[in-house]
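Everything below concerns the one structure shown next.
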Amino acid sequence: MTANAQTSQTGSVTTVFAVKGMTCGHCEGAVSSEISELGGVSSVTAEAATGKVTVVSDAALDEAAVRAAVDEAGYELVGQA
């Protein structure tokens, strides 16, 4: 598990990522859609105003996979927030 990921009592992991380039609801949807396709992801909340994307998953995610998903959506993963 990564240093900034948090494990809840239900066994899920919540990780917050910083994404550069999101400016509107469409951006949030594009990023959320791509990340939600990763295995084990149960929820994604993207906030264009803060550039933060909160991901809840069954286990810690591979940052390279998250980066690839964000790239596919047309944005840049800065890293964990």
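The values are calculated or read from the model by the stated rules, or taken from the named source; none is laboratory data. The structure displayed is predicted, hence computed values, not measured ones. We place every Cβ from the backbone using ideal geometry, glycine too, and count neighbours over all the protein chains shown. Protein only, heavy atoms only, side chains kept; ligands, DNA and RNA dropped before computing areas. Shrake-Rupley method; radii C 1.70, N 1.55, O 1.52, S 1.80 Å.
Consider only pairs whose beta carbons are under 9 Å apart and that are at least six residues apart or on different chains; among these, list those whose first residue lies in region 55-81 and is free of Cβ contacts under 8 Å to residues at least 24 places away in the same chain and within 13 Å of Glu37 (Cα to Cα) and whose second residue is part of a helix (DSSP H, G or I) and not hydroxyl-bearing (Ser, Thr, Tyr).
Ala68/Glu34
Please go through region 11-35 and give me each residue that is part of a helix (DSSP H, G or I) and either on the phi > 0 side of the Ramachandran plot or open to solvent by 60 Å² or more (accessible area, probe 1.4 Å) (or both), ordered by number.
The answer is His26, and nothing else.
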